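First the structure, in the form of structure tokens, and then the observations on it.
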Amino acid sequence: MKTKIAFSLLLLVYSLRLFSQVENRATLFYSYYSPSSSDGLNSIEQSNFDFLYHLKSKTLAKKIRWDNSFSLKTVLLDEITSQNLYDVSYVSSFVYTKNAKNFIIGNARINFRNEIGATLSNDALYTAFSFGYMRQSQTHKSIRWAAGINYNNDFGKNVILPFFIFNYETQKLKFNATLPNSVLLLIRNNPKFYYGLNVTLNSSIFEVEDDSYQRLQLLNANFFAFTQIKLGKKLWIEVKPGVTLRRDVNFLQHDFEPINSSSENSLNPNFVFTSGLLYRMN
């Protein structure tokens with residue numbers, strides 16, 4: 001395990017954190033750990049190590065806010081498979097201000113998800129696009145909502161899903177629901193200590209080299225209670241203990257069809273722990 005971690009740290013140089021959640025920051029180190037869980041798959045231990053960097057927002061033609069981010073995630077799996085995985089991601093999003101209350105939003109993401117040490121292939125490229133409409137409440141300026149369509153290859157091949165965003169934010173409180181991916185409640189009563197709750201749903205499909213299957217899907221639905229503590233002028237530490245609400249490992253054929261019934265690959269709810277160092281640039 002120490003060798004795996006060392007190799008992953010050498011790789012560190014992930015993102016559908018949609019529109020209203022974008023902030024200029026770098027996640028210098030982020031870890032995800034869920035211990036072994038006895039079930040139909042015997043057991044599986046999963047740990048992730050992430051690096052995420054949001055570039056400073058740009059303003060184009062006075063009406064378009066343009067955001068970009070890069071990330072790298074490594075996924076270490078024990079007991080169930082010998083594959084260890086990586087996910088390199090680039091995300092570009094924009095908000096077009098039509099007027100004081102109407103906005104057009106868009107997002108494009110490309111991921112390269114593969115097995116560590118595997119041969120590079122175009123089959124490991126996964127794309128996603130979102131396009132929608134956002135409105136700012138004129139009665140309550142702290143409220144924004146949005147709706148649109150998302151195309152992705154995260155939950156299957158060429159999946160099209162609607163998305164909905166509701167955002168309420170004041171100086172001391174932020175509530176954001178980006179459905180179906182995330183619900184966040186952040187309380188900022190103390191300028192050096194934030195806390196809150198977070199529910200997340202993440203699915204990723206990786207290209208692998210195996211005789212019995214060609215793709216591996218990891219799906220995690222998590223519930224967290226978290227704290228963020230300011231260490232320096234812009235440096236924060238985040239600690240997020242929680243539980244997995246759903247946890248699936250699906251073995252897929254090259255055409256994204258499952259090898260076995262998905263119910264056979266569901267793991268029991270389990271403890272999960274994440275932590276990270278955040279560098280806020282705004």
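A few remarks follow.
- Residues of the stretch 174-184 that turn out to be open to solvent by less than 60 Å² (accessible area, probe 1.4 Å) and in a strand (DSSP E or B), as a count: 7
- Of the strands (runs of 3 or more DSSP E) lying entirely inside the stretch 49-117, those containing at least 2 residues that are open to solvent by less than 40 Å² (accessible area, probe 1.4 Å) span 64-78, 84-97, 102-115.
Yes/no matrix, rows are residues, columns are (1) closer than 30 Å to Asp255 by Cβ; (2) of a type outside the set (Gly, Ala, Ser); (3) assigned to a loop (DSSP other than H, G, I, E, B):
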residue: Ala146; (1), (2), (3): no, no, no
residue: Phe155; (1), (2), (3): yes, yes, yes
residue: Ile160; (1), (2), (3): yes, yes, no
residue: Asn167; (1), (2), (3): no, yes, no
residue: Leu186; (1), (2), (3): no, yes, no
residue: Asn189; (1), (2), (3): no, yes, no
residue: Tyr194; (1), (2), (3): no, yes, no
residue: Leu201; (1), (2), (3): yes, yes, no
residue: Asn220; (1), (2), (3): yes, yes, no
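- Qualifying residue in the stretch 247-262 (condition: open to solvent by less than 60 Å² (accessible area, probe 1.4 Å) and closer than 24 Å to Phe175 by Cβ): no
- Boolean, Phe273 is within 30 Å of Asn114 (Cβ to Cβ), open to solvent by 50 Å² or more (accessible area, probe 1.4 Å), outside any loop (DSSP other than H, G, I, E, B) and in contact with a Pro (Cβ under 6 Å, 6 or more places away or on another chain): yes
- Enumeration of residues in the stretch 124-152 that are surrounded by fewer than 18 Cβ atoms within 10 Å (Cβ to Cβ) and either of a type in the set (Ser, Thr, Tyr) or under 25 Å from Leu85 (Cα atoms) (or both): Leu125, Thr127, Phe129, Tyr133, Ser137, Thr139, Ser142, Tyr151
- Screening the candidates Arg188, Arg280, Arg247 for the property of being among the basic types (Lys, Arg) and closer than 24 Å to Gly156 by Cβ yields one hit, Arg247.
- Single unsatisfied condition, Ser38 versus (1) over 23 Å from Tyr96 (Cβ atoms); (2) modelled with pLDDT of 80 or more: (2)
The values are calculated or read from the model by the stated rules, or taken from the named source; none is laboratory data. In this text the structure is predicted, and so the values were computed from the model without any measurement. Ideal geometry is used to build each Cβ from the backbone, glycine not excepted, and the neighbour counts take in all protein chains shown. Just the protein is used for accessible areas: all its heavy atoms, side chains included, with ligands, DNA and RNA removed. Shrake-Rupley method; radii C 1.70, N 1.55, O 1.52, S 1.80 Å.
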